Each structure stands twice: as structure tokens, then as C-alpha cells.
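Novice: Here's a structure for you.
The values are calculated or read from the model by the stated rules, or taken from the named source; none is laboratory data. This structure is a prediction, so every number in the text was calculated from the model and none was measured. Reconstructed Cβ throughout: ideal geometry from the backbone, glycine too, with neighbour counts over all protein chains shown. Surface accessibility is based on the protein's heavy atoms, side chains included, excluding ligands, DNA and RNA. Shrake-Rupley method; radii C 1.70, N 1.55, O 1.52, S 1.80 Å.
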2 protein chains.
Amino acid sequence: MAAHDEAVPAETGGGGREETSSKNVDLGSLPDFIGYALRRAQLTIFEDFIRSLETVGLRPAYFSVLIIIDRNPGLNQSEISAALGIQRTNFVNMADELQKRNLIVRHPSEHDRRSYALYLTREGKVLLDQALELQGEHEERLARKLGPGGREMLLPLLWKLAE
Amino acid sequence: MAAHDEAVPAETGGGGREETSSKNVDLGSLPDFIGYALRRAQLTIFEDFIRSLETVGLRPAYFSVLIIIDRNPGLNQSEISAALGIQRTNFVNMADELQKRNLIVRHPSEHDRRSYALYLTREGKVLLDQALELQGEHEERLARKLGPGGREMLLPLLWKLAE
DNA sequence: TCATACTGTTATTGTCTATAACTAACATCT
DNA sequence: AGATGTTAGTTATAGACAATAACAGTATGA
């Protein structure tokens with residue numbers, strides 16, 4: 001109750017790395033389930049991706065948004081979010097943030113006064129190019145993990161699953 | 001509102017074709033990125049999985065927890081969450097819910113008065129078996145999507161990525 | 001015994017996703 | 001033109017899920 005100050009044992013610097021399943025747990029048929037393997041792979045990959053792009057401060061979703069705007073300048077928010085499978089209501093915040101960081105601009109559309117045409121700023125274009133460079137290294141790291149021909153085998157299979 | 005910065009459409013090398021009312025959005029190199037393909041595939045699959053198992057009311061994480069407990073009766077919460085890559089602090093709620101639904105029980109451990117040994121109830125075992133049946137149909141649906149030999153090719157690649 | 005580490009727990013925060021409802025602006029159809 | 005319906009952007013809200021800090025009780029090894 002009378003809480004004294006904390007001792008802060010924390011994570012300690014030395015010693016044991018965290019091995020996967022050091023306890024010999026039987027995962028049953030879990031490793032044979034595509035969904036489970038996919039989820040575990042995605043977690044690992046996103047972790048690496050986020051670390052790889054943390055110098056530019058772009059998380060996966062924001063990175064993909066910049067790519068779309070770069071390749072399709074002038075799209076409105078609904079079109080962008082539809083292309084990425086994001087809900088347009090959830091895209092508002094992302095656009096706000098990207099605009100606050102001066103990476104994109106919302107121009108009033110010429111044909112439709114309801115909508116904005118989104119463009120990269122010069123700053124956004126520069127940052128995207130840096131991000132693409134880092135993503136390239138990330139991608140190569142993954143390809144190395146997969147072994148020769150692995151990536152070329154994997155991608156079509158994933159897109160079949162994604163429909 | 002209005003932009004206070006230069007717009008810089010930044011036309012990239014690809015043809016900036018603008019068709020009114022067409023959804024022909026250029027995804028750029030996005031489809032070649034493993035992380036993006038993985039994310040999209042995972043979203044589609046999880047959607048199908050959740051729908052497939054909604055009659056038993058199990059979401060992916062809870063399903064995997066039941067499998068682990070079934071194959072490893074008596075594990076404590078830390079061991080289970082470690083095996084699944086879940087943080088033990090976030091596992092508390094899941095165990096609470098599963099217990100509230102009478103699918104698992106927390107028995108006080110014999111060797112360690114701090115921890116519980118988790119077991120499936122009979123009800124939990126029955127529900128898990130139903131879930132496994134539904135998961136089987138789900139899995140076969142995915143395998144059909146992947147074509148002959150696709151699943152056998154995909155799984156090892158995913159586990160290489162997951163480390 | 002005592003410092004240290006571990007188990008389960010609560011509380012909090014942040015990210016991401018999903019739904020409902022609202023406004024302004026279009027579009028259509030008679 | 002007027003009624004009606006639809007779309008774009010937005011807000012508010014809720015839920016699932018993950019990450020961090022802190023703490024009490026217990027275990028353990030020097």
C-alpha cells in the first residue's frame with residue numbers, strides 16, 4: 001500500500017536472448033495452418049520494416065500512401081484509401097498527419113468542390129525516395145532469408161491468397 | 001485548409017494517365033513488396049477465418065490458445081503466451097474470457113504457488129474440435145486458391161520469414 | 001537470509017480497424 | 001426547378017490488439 005519507490009530491475013543488459021519456445025511446447029497443427037504462419041511471418045517482417053524505416057519515421061501504411069500519391073498525383077482521399085483497402089473514414093487521420101508533416105498537400109479539386117486532390121510536396125518526394133532506398137535494403141534482407149528463387153515463388157502465392 | 005506550400009506534382013516516369021471515374025490506380029512497386037503482399041493476404045485470410053469460425057465464436061488468437069492448451073495441458077500463462085508470441089500481460093484478458101466462457105480452467109500449480117496450470121474443460125475440448133473441423137474447411141479453401149502444390153510451397157517460405 | 005528474478009495482474013497508452021451520423025456538394029429524374 | 005439519392009470528407013466512438021510501467025506474492029540461488 002504505502003508504495004515506496006521502485007527498484008527498477010528492468011530488463012538487465014546481459015545474458016539470455018529470447019529463444020523461441022525454450023520450453024519445448026507442442027504447437028500441434030498450428031505450424032501447418034496458412035493463417036498462423038502468415039500472421040507470424042507478418043509480425044516478424046513488419047517489425048523489421050518499421051525498424052528499417054524509423055529514420056524516416058514511416059510506418060507501413062503511411063509508406064504505402066506516399067507511394068500511391070507519388071504514382072497517382074491528384075487522386076482524392078476516397079480513391080487512395082480504396083486502392084489500399086483502407087476505410088476512407090480512417091484515412092482522414094493519416095492524411096492529416098502527412099499534411100502536418102508537410103509531406104503531402106490537399107488541393108481543392110477543380111471538378112468537385114467536395115474533394116481534395118492529393119499531391120506529394122517536394123519534401124514528401126524526397127522522404128519517399130529515402131524510404132524506398134531503405135525499403136530496398138529491407139526487401140533484400142527478406143529475399144536472402146527466403147533463399148534463391150524464394151521471393152519469386154512466394155509473391156504470386158500471396159497474391160492468389162489476397163484475391 | 002489551403003496549402004501553404006508548393007504542390008509539386010512530381011510526375012514519375014510512368015504515364016500519368018488520368019481517367020475520369022476509373023479505378024485504375026497505379027500501385028507502383030507495392031505489389032512487389034513482400035511485406036505489402038503479406039499484409040493484404042493476411043487481411044483476406046483472417047476475414048475468411050473469422051467468418052468460418054463465427055459459429056463457435058473463436059477469433060484467431062483464441063483459437064491458437066485453445067490448441068496450445070489442448071496439446072500441452074498444465075502449462076502456465078507465461079509459457080503459453082511465450083509460445084504464441086503474445087505478451088503475458090496481454091494474455092491475462094484472454095485467459096479471463098476463455099475461463100468466463102467455461103472453455104478453460106485455471107488450476108493452482110502444485111510446484112509454484114504463483115502460477116496457474118491451464119486446462120481445457122470438456123466444453124472447451126468439444127468446442128475446439130468443432131473449431132478444428134471448421135478450420136479444416138477454411139484451410140482447404142485456401143489450398144484450392146493456391147493451386148496444386150501451392151500450399152506445400154508456401155508454408156516453408158513463410159516460416160523462413162518468421163525465423 | 002537476502003538480493004534477485006519470475007508469475008500473474010492492473011492500468012495506461014497507442015495503433016489500427018469498424019460503424020454511425022453529419023455537412024456540403026454533386027447527380028438524376030421528372 | 002424541386003425532390004431525391006449519392007458521394008466526399010469529416011467527427012465521434014468503439015473494439016481488437018500490442019507495448020510499457022508498476023506492484024504483490026512467490027521462488028530461488030548465493
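Novice: For the structure I just gave you, tell me whether B:Gln99 is surrounded by 13 or more Cβ atoms within 10 Å (Cβ to Cβ) and polar (S, T, N, Q).
Specialist: Answer is yes for this residue.
Novice: Something else about it: Filter the range B:33-81 down to residues that are assigned to a helix (DSSP H, G or I) and of a type in the set (Ser, Thr, Tyr) and give me whichever is farthest from the other protein chains (Cβ to nearest Cβ).
Specialist: Within the range B:33-81, the match that is farthest from the other protein chains (Cβ to nearest Cβ) is B:Tyr62.
Novice: Looking at (1) within 10 Å of DNA strand C (Cβ to nearest atom); (2) in a loop (DSSP other than H, G, I, E, B), which is the only condition A:Glu97 fails?
Specialist: (2)
Novice: Let me ask something else about it. Could we say that B:Thr89 is outside any helix (DSSP H, G or I) and either surrounded by 20 or more Cβ atoms within 10 Å (Cβ to Cβ) or out of contact with any Lys or Arg (no Cβ under 7 Å at 6 or more places or on another chain) (or both) here?
Specialist: The answer is no for B:Thr89.
Novice: Okay, next question. Please pick out the residue among A:Glu110, A:Glu11 that is modelled with pLDDT under 95, more than 9 Å from DNA strand D (Cβ to nearest atom) and either over 21 Å from B:Leu27 (Cα atoms) or within 7 Å of chain B (Cβ to nearest Cβ) (or both).
Specialist: A:Glu110
Novice: Can you tell me which residue within the range B:122-142, out of those that are within 9 Å of another protein chain (Cβ to nearest Cβ) and not acidic (Asp, Glu), is nearest to A:Ile34 (Cα to Cα)?
Specialist: Applying the filter and picking the extreme gives B:Leu142.
Novice: Right, something else. Taking the range A:107-163, which residues are open to solvent by 70 Å² or more (accessible area, probe 1.4 Å) and either in contact (Cβ under 8 Å) with a residue 60 or more places away in the chain or touching a strand residue (DSSP E or B) at 6+ places or on another chain (Cβ under 6 Å) (or both)?
Specialist: Within the range A:107-163, A:Tyr116, A:Gln130, A:Glu137, A:Arg141 meet the criteria.
Novice: Residue under question is B:Val65, and the condition is that it be within 13 Å of DNA strand D (Cβ to nearest atom), closer than 22 Å to B:His138 by Cβ and surrounded by 12 or more Cβ atoms within 10 Å (Cβ to Cβ); does it hold?
Specialist: Spelling it out, B:Val65 is indeed within 13 Å of DNA strand D (Cβ to nearest atom), closer than 22 Å to B:His138 by Cβ and surrounded by 12 or more Cβ atoms within 10 Å (Cβ to Cβ).
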